[in-house]
Each structure stands twice: as C-alpha cells, then as structure tokens.
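Only the coordinates and a few stated rules stand behind these numbers; no lab work does. Note that the coordinates shown come from a computational prediction; the quantities given were computed from them, not determined experimentally. Here Cβ is always computed from backbone atoms with ideal geometry, including for glycine, and neighbour counts include all displayed protein chains.
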C-alpha cells in the first residue's frame, strides 16, 4: 500500500481531479482480510463511531510505531515488507479523521492499554497526547 497522503499529492501533481484518491480508496480495502472488509466499509461511511478497547489501542488511532509493534508481536511470521504494507493500510484508515467532515469519534480505552508495553515498551508507541 502506498502512504495515505500519496494519492492526494499525485492528484495535485498531475491535475487528475481526485482520480488517485478514488483508486486509493478502493485499494486500501484490498489489503484487509475478508473478515475485516465489511467493518472497513461501515467505518468509512459512519458519521458516529463509539468504541471500547480493553486490550489494545484501536487501529483507527494507532501510531505507525504502535501498529508495527502489534504486527511484529502478533504470533504470525510476517516479513518486514508485509508488516509495512499492513501498517500503511492501517494508517490509510485514518484518512477519514482528517476529512472536511470527520466522523464523531469517541473511544474508551482501559487504563491497562495505556500502561501495557508494546514492542520495545517505549511510550513513543502510544498515540499522540496519551
């Protein structure tokens, strides 16, 4: 997956009036397993999202480092390039939060999630502001 901001930059550079943004919107769903695609579709259309997380920072608000650490420690044998593809796909989901009319997002996170070391245990893996 290309970085989430690349499509907009390509449209601006080539004057393609959103063509790359539309292609990126289709492509970013392809990198998610089938069992998550329906969630991604609903998430993209939602105007209000409420979530509770007792184990991890939800993917929609993870930093790249946090997501990378989660994928590395997930028990699956993933190559570095596959991990980077998954991280890019996860970061692509966050584009809706930067839209002109972002959804109303409310997330309740168990305090243990904020204190649990992920990866190297550095606090830099936590979302900004936590």
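Mean sequence separation of contacting Cα pairs (under 8 Å, at least six apart), scaled by the length of region 47-125, corresponds to a relative contact order of 54 percent.
Listed from fewest to most Cβ neighbours within 10 Å, the set 100, 5 follows the order 100, 5. State, to one decimal in nm, how far the label point of residue 45 lies from the label point of residue 98, with both points 7 Å from Cα in the Cβ direction. Result for the modelled spin labels: 2.5 nm. Full extension of the chain between residue 73 and residue 108 gives 10.3 nm of extra length, using 0.36 nm per residue less the Cα-Cα distance.
Neighbour counts of other Cβ atoms within 10 Å put 52, 24 in the fewest-to-most order 52, 24. As a proxy for reagent exposure, ranking 80, 57 by other Cβ atoms within 10 Å from fewest up yields 80, 57.
With the cut-off at 1.5 for a/c, could you classify region 47-125 from its C-alpha gyration tensor as rounded, prolate or oblate? Write down the numbers at each step before the final one.
Working: a/c = 2.32, a/b = 1.29, b/c = 1.79.
The shape class here is oblate.
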